[in-house]
Structures are given as structure tokens and as C-alpha cells.
Amino acid sequence: MNVLLVLLGCNITYLLNNRISTAVEFASGFNKTSVNWFLSGGIKNPFEDTLTESEKMMTQISQYEKANVGDVSGNKWNYIYDNVATNTAENFIMVKKHLAETEIDYFKVFVITSDFHHLRAKKIAEQIIGEEKEVQWVLSDAELENSRYWEKIHIKNVDSDVKKALEKFNV
């Protein structure tokens with residue numbers, strides 16, 4: 001059985017680390033499964049970062065791989081890197097591209113993000129991925145004091161964010 005775990009990046013380390021730990025805990029629950037990690041996130045601020053969000057995710061996830069893969073669990077972890085996307089709409093364009101190009105028939109697709117980010121991410125996913133593949137959500141619980149405030153503002157821009165991302169990647 002093949003599953004796709006889409007881990008959405010975040011340029012805030014605390015939130016990214018919480019998403020990673022949530023994803024690893026979730027992935028460790030599989031048995032005899034090929035877990036394909038789609039690590040989505042480029043460099044949002046090149047003046048502050050030299051590593052992509054997907055590289056940061058891989059560094060942490062690989063530390064847990066040995067305990068969750070192999071003879072005991074029957075699991076196999078594979079990695080797909082999106083080093084390009086710098087926002088949620090771009091994340092889902094890269095996911096859609098992967099789904100269209102891969103020969104893997106995924107039993108399920110899971111998206112891991114923060115609880116406060118879920119509603120906006122879901123609206124964006126629905127516009128970009130549509131009904132081509134059912135997406136299930138795994139939510140981390142960390143947030144900053146003002147995370148929900150900013151999401152109320154960002155959610156108003158979903159349509160324009162999707163439009164800009166589609167134009168950027170000529171989709």
C-alpha cells in the first residue's frame with residue numbers, strides 16, 4: 001500500500017518543528033506501507049535562510065526513519081522534495097504536478113499542517129487539486145499568539161493567492 005504524506009512547510013521554526021513531529025508520529029502508525037513524504041517548501045526569505053523548508057524537514061524526519069522503517073514495521077519511507085513553493089497555493093500546485101506525473105497509485109493522500117491553517121489550506125487545495133484526489137488532514141496543535149488573527153486576514157486572499165500561483169507556474 002502507498003500513501004502520500006504532504007508536509008506543508010512554514011518559515012517559523014517553532015510551527016515547522018511541530019508539524020514535523022505531528023507528521024512523524026502519524027507516519028509511525030502505518031504497518032507494511034510505503035510512505036511517500038512530499039516535503040513542500042522552498043526559501044521564503046533568502047536574506048535569512050540558506051536551506052529550503054523541505055531540506056529542514058528532511059533533516060529532522062531522517063532522524064526518526066530508522067525506528068519506523070524496516071523489518072519490524074514493514075514500512076518504507078521515500079522522499080519527494082519541493083524546493084520551489086513559497087506559499088500554500090504553490091505547495092498545492094507542486095502536489096498536483098506530482099500526482100499527475102507519478103506512476104504511483106496512492107491509497108490515500110494526507111496533508112499535514114497546523115490546525116489554525118487548516119481552513120485556508122483546505123480552500124486552496126479544493127481550488128487547485130479539486131476532486132481529483134481525496135485529501136485527508138492531519139493537524140498539528142502549535143500556534144503563535146496571533147496565528148488565528150492573521151489567518152482571518154489571509155483567508156480573504158485565497159482566490160487571489162491561487163490565481164497568482166497558477167499564473168506563476170503557467171498552470
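Bear in mind that the values in this text are calculations on the coordinates, not laboratory data. These figures come from a predicted structure and were not determined experimentally. Every residue, glycine as well, gets a Cβ built from its backbone with ideal geometry; the counts of neighbours run over all protein chains shown.
Key figures
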read-out: FRET efficiency estimate (nearest 0.05) - Cβ-Cβ, Ile155 to Glu132, R0 22 angstrom; value: 0.45
read-out: Rough spin-label spacing in nm, given labels placed 7 Å along Cα→Cβ, for Ala100 and Met1; value: 2.9
read-out: Which of Ala89, His154, Ser54, positive extreme of dipole for the chain (C-beta unit charges); value: His154
read-out: Global geometry of the stretch 83-171, whether rounded, prolate or oblate, following the gyration tensor of its Cα atoms and the 1.5 cut on a/c; value: oblate
read-out: Of Lys96/Lys123; Lys96/Lys156; Lys44/Lys168; Lys108/Lys163; Lys44/Lys76, those spanning more than 25 Å from alpha-carbon to alpha-carbon; value: Lys108/Lys163; Lys44/Lys76
read-out: Residue-averaged 222 nm ellipticity for the chain, from DSSP H runs of 4+ at -39500 (n - 2.57), nearest 500; value: -14000 deg cm²/dmol
read-out: The chain, relative contact order [Cα under 8 Å, separation at least 6], %; value: 27
read-out: Rounded, prolate or oblate (a/c below 1.5 giving rounded, otherwise prolate when a/b exceeds b/c) for the stretch 1-99 by Cα gyration tensor; value: prolate
read-out: Whether the chain is rounded, prolate or oblate, judged on the alpha carbon gyration tensor where a/c under 1.5 counts as rounded; value: prolate
read-out: The stretch 62-160: GluC sites (Glu not before Pro) in DSSP loop, at most 14 other beta carbons within 10 Å; value: Glu103, Glu131, Glu132, Glu134, Glu145
read-out: Under 15 Å from the Cα of Lys122 - aspartates and glutamates, other chains or at least 8 residues apart; value: Glu90, Glu131, Glu132, Glu134, Glu151, Asp159, Asp161
read-out: Burial ranking of peptide ranges 52-58, 162-168, 113-119 (average Cβ count within 10 Å, highest at the top); value: 52-58, 113-119, 162-168
read-out: 15 Å beta-carbon shell around Ile104, net charge (K/R +1, D/E -1); value: +1
